[in-house]
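Notes follow the structure.
Rule-based calculations on the coordinates, nothing more; no lab input. Remember, predicted model here, so these are calculated numbers, not experimental data. Cβ placement follows ideal geometry from the backbone for every residue including glycine, while neighbour counts extend to all protein chains displayed.
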Amino acid sequence: MSIVISDEIVQASQLTPSEFRQEIALHLFQTGRLTLGYASQLAQMQPKDFRQLLKQRKIPLYSYDVEDLELDLKNLRELGRL
């Protein structure tokens, strides 16, 4: 499937086509909709370069929330390590 974005929309964003792709990829990665690999592909960047872009934007590579912490604590208790 291909998605066509008009030149008018890209121009209105005041971004180059490359920057436009990167912004979409960053957003979809940050919201958990795309993996690092797919977001890198969408941005047309090597994964290491996309990781550097994430770092520049202060977007975490991994999402670790309270639910993840609680699950880890539960597992550690069950293993007798807490």
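Conditions tested, residue by residue: (1) acidic (Asp, Glu); (2) surrounded by fewer than 11 Cβ atoms within 10 Å (Cβ to Cβ).
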{"residue": "Ser2", "(1), (2)": "no, yes"}
{"residue": "Asp7", "(1), (2)": "yes, yes"}
{"residue": "Gln14", "(1), (2)": "no, yes"}
{"residue": "Glu19", "(1), (2)": "yes, no"}
{"residue": "Leu26", "(1), (2)": "no, no"}
{"residue": "Leu36", "(1), (2)": "no, no"}
{"residue": "Leu42", "(1), (2)": "no, no"}
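Against the numbered list (1) crowded, with 16+ Cβ neighbours inside 10 Å; (2) out of contact with any helix residue (DSSP H, G or I) (no Cβ under 6 Å at 6 or more places or on another chain), Thr31 comes up short only at (1). Restricting attention to the stretch 1-51, the residues that are part of a loop (DSSP other than H, G, I, E, B), among the aliphatic types (A, V, I, L, M) and over 26 Å from Tyr64 (Cα atoms) add up to 5. When the test is whether a residue is touching a residue at least 12 places away in the same chain (Cβ under 8 Å) and polar (S, T, N, Q), Gln30 passes it. With respect to (1) exposed (fewer than 13 other Cβ atoms within 10 Å of the Cβ); (2) of a type in the set (Lys, Arg); (3) at negative phi, the lone exception for Lys58 is condition (3).
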